[in-house]
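The values are calculated or read from the model by the stated rules, or taken from the named source; none is laboratory data. Everything numeric here is computed off the predicted structure, so don't read it as measured data. A quick note on method: Cβ atoms are made from the backbone with ideal geometry, for glycine too, and the neighbour counts reach across all protein chains shown. Surface areas here come from the heavy atoms of the whole protein model, side chains and all, with no ligands, DNA or RNA. Shrake-Rupley method; radii C 1.70, N 1.55, O 1.52, S 1.80 Å.
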Amino acid sequence: MKVTSYILSAILLCISFTATAYNDGKSKNLLNDALSAAPIALRDGVTVVDWNNNVLKKGTNNYTCFPTPPHLTGKAPMCMDGPWMAWADAWMNKKPFQAQAMGISYMLAGDEGASNIDPYAKSKTSDNQWVKEGPHLMIITPDKALLDSLPTDPHYGGPYVMWKGTPYVHIMIPVATQK
């Protein structure tokens, strides 16, 4: 009976250790993915949160980084400041949004693509200006009139306005070649 009890305890301990090691490895992968979106100078101070709102790393600055959403293939991690966190909440919940301050978000690992005109498009169509952006940063501003001086063409070769005419309008600033 004691031998069986010891064997059962050993098995449970091994299962627990394996699950913990797996979760630690998964958390580390999510952490590394999320941090790949941020500039190196910000990485030490950012908070990293997974898509279940688990804090993987507590930070000291105003940036929160998220790993690639689990439903996507490829990479699309994002780091957002406070105004962008409000933007993301509005976009994810399809609520109205008006920026109260300038905001900067980083996607320095690039993304797997989005429509330049439809904030909720899930895939490329013949008329939704699908663009796979390489590393970029994004800016929101309380004064949408400032956006009128920029093009909306994602292939213009520089900064452009994405989702113009929607509450989620923002400036895209490519920092490398588009995919």
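Of the residues making up the stretch 36-54, just one is open to solvent by less than 20 Å² (accessible area, probe 1.4 Å) and of a type in the set (D, E, K, R), namely Asp50. Set side by side, the residues Gly25, Gly59 differ, and just one is on the phi < 0 side of the Ramachandran plot, open to solvent by less than 40 Å² (accessible area, probe 1.4 Å), touching a Ser or Thr at 6+ places or on another chain (Cβ under 9 Å) and not aliphatic (A, V, I, L, M), which is Gly59. Residue pairs whose Cβ atoms lie under 9 Å apart, sitting 6 or more positions apart in sequence or on different chains, and linking a residue in the stretch 134-152 that is under 20 Å from Asp111 (Cβ atoms) to a partner that is aromatic (Phe, Trp, Tyr) and assigned to a strand (DSSP E or B), are Pro135/Tyr106; His136/Tyr106; Leu137/Tyr106; Met138/Tyr106; Leu150/Tyr160; Pro151/Tyr160; Thr152/Tyr160.
The set of residues in the stretch 105-128 that are crowded, with 18+ Cβ neighbours inside 10 Å and aromatic (Phe, Trp, Tyr) contains only Tyr106.
Under the condition of being open to solvent by less than 70 Å² (accessible area, probe 1.4 Å) and farther than 21 Å from Val169 by Cβ, which residue from the stretch 73-104 is farthest from the chain's Cα centre (by Cα)?
Just the residues of the stretch 73-104 that are open to solvent by less than 70 Å² (accessible area, probe 1.4 Å), to begin with: 74, 76-90, 97, 99, 101, 103-104.
Still in the running and farther than 21 Å from Val169 by Cβ: 74, 77.
Details: Gly74: 12, Pro77: 4 Å.
Residue satisfying both the conditions and the ranking: Gly74.
Give the residues of the stretch 62-71 that are surrounded by 12 or more Cβ atoms within 10 Å (Cβ to Cβ) and more than 8 Å from the chain's Cα centre (by Cα), sorted by residue number. Walk me through how you get there before you give the answer.
Of the residues in the stretch 62-71, the ones surrounded by 12 or more Cβ atoms within 10 Å (Cβ to Cβ) are 62-68.
The answer is Asn62, Tyr63, Thr64.
May I ask you to say which residue of Gly157, Gly113 is in contact with a Lys or Arg (Cβ under 6 Å, 6 or more places away or on another chain), at pLDDT below 95, more than 30 Å from Thr60 (Cβ to Cβ) and not hydrophobic (A, V, I, L, M, F, W, C)? Testing whether each residue is in contact with a Lys or Arg (Cβ under 6 Å, 6 or more places away or on another chain), at pLDDT below 95, more than 30 Å from Thr60 (Cβ to Cβ) and not hydrophobic (A, V, I, L, M, F, W, C) leaves just Gly113.
Considering each residue of the stretch 33-41 in turn, none proves to be more than 20 Å from Ala176 (Cα to Cα) and among the β-branched types (Val, Ile, Thr).
Give the residues of the stretch 145-165 that are more than 10 Å from Asn116 (Cα to Cα) and among the aromatic types (Phe, Trp, Tyr), sorted by residue number. Quick ask: steps written out before the conclusion?
Keep residues of the stretch 145-165 that are more than 10 Å from Asn116 (Cα to Cα), which gives 145-151, 155-159, 165.
Correct list: Tyr156 only.
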